[in-house]
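Only one structure is covered here, and it is reproduced in the block below.
Values quoted throughout were computed directly from the atomic coordinates according to the rules given, and no laboratory measurement underlies them. Note that the structure is a prediction, hence the values are computed from the model and not measured. For neighbour counting, all protein chains shown are included, and Cβ atoms are generated from backbone atoms with ideal geometry for every residue, glycine included.
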Amino acid sequence: MSTNKERTLARDVIATQIPSGDKHPLAAGEQVFIHQVLGGTYTVQTSTGLYRIDGKDADSLGETVTIDTVSAATLADGAPDPAAVWDQLRKVFDPEIPVNIVDLGLVYSMDVAKSEPPAEGYKVLVAMTLTAPGCGMGPAIAEDAKSKILLVPGVAAADVRITWEPTWNQSMISEEGKMKLGLI
């Protein structure tokens with residue numbers, strides 16, 4: 001779908017306000033302007049500000065709801081393929097920036113560990129940061145990352161933690177990310 005499209009909400013929807021991260025209802029019949037569609041979420045502008053609408057609510061915008069799936073094999077021991085986890089993290093976007101969290105340099109580490117008994121399977125542990133400490137979208141972005149990781153075959157649990165050390169800066173953005181942002 002192309003961005004910068006005006007829409008009228010077909011039904012009531014709960015959206016996440018940007019940048020506070022607060023949940024707010026948007027009413028059926030309200031006019032919205034779609035700014036960005038990335039990672040299965042929609043960044044829209046209303047008369048009261050910017051909001052993120054989850055892909056599961058795409059029908060409220062007149063779009064088709066898609067189910068995200070991952071077609072990756074597990075490793076020989078049943079562990080998730082780390083490349084598949086990284087691919088999923090590349091589907092997570094800050095709603096104000098058209099670059100995924102990996103290319104933004106926000107993901108500091110990703111580890112796969114055998115779950116501790118009595119739990120079975122494997123747990124993915126991610127340490128990430130945000131572009132600014134005051135960003136209220138942190139929990140929403142972390143939850144988006146967690147939900148995408150849990151789709152990877154072999155993942156039984158995921159823990160996405162936000163850290164502030166080291167402090168993020170623009171030098172952490174990948175070359176691809178810098179190109180998308182027009183920094184090079």
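Net length available on complete extension from Arg11 to Thr69 is 18.3 nm, with 0.36 nm assigned per residue and the Cα-Cα distance removed.
When both bridge partners sit in the stretch 82-181, DSSP labels roughly 55% of those beta bridges antiparallel. Net charge dipole, the chain: roughly 200 debye, given to the nearest 20, about the Cα centre with Cβ charges of +1 for Lys and Arg and -1 for Asp and Glu. Computed about the Cα centre, the dipole magnitude for the stretch 82-181 is approximately 100 debye when only Lys and Arg (+1) and Asp and Glu (-1) carry charge, each at its Cβ. Exposure proxy ranking for Asp68, Asp144, Asp77, Asp103, based on other Cβ atoms within 10 angstrom of each Cβ and starting from the fewest, stands as Asp77, Asp68, Asp103, Asp144. Given a 10 angstrom Cα cut-off, can you work out which residue in Ala140, Ala79, Ala27 is the most mobile in a GNM of the chain? Of Ala140, Ala79, Ala27, the Gaussian network model singles out Ala27 as fluctuating most.
For the chain, the relative contact order is 19 percent, taking Cα pairs closer than 8 Å that sit 6 or more residues apart in sequence and dividing their mean separation by the residue count. Projecting label points 7 angstrom from Cα along Cα→Cβ for Ser20 and Leu150 puts them 2.7 nm apart. Relative to the longest principal axis of the Cα atoms of the chain, helix 138-149 runs at roughly 60 degrees.
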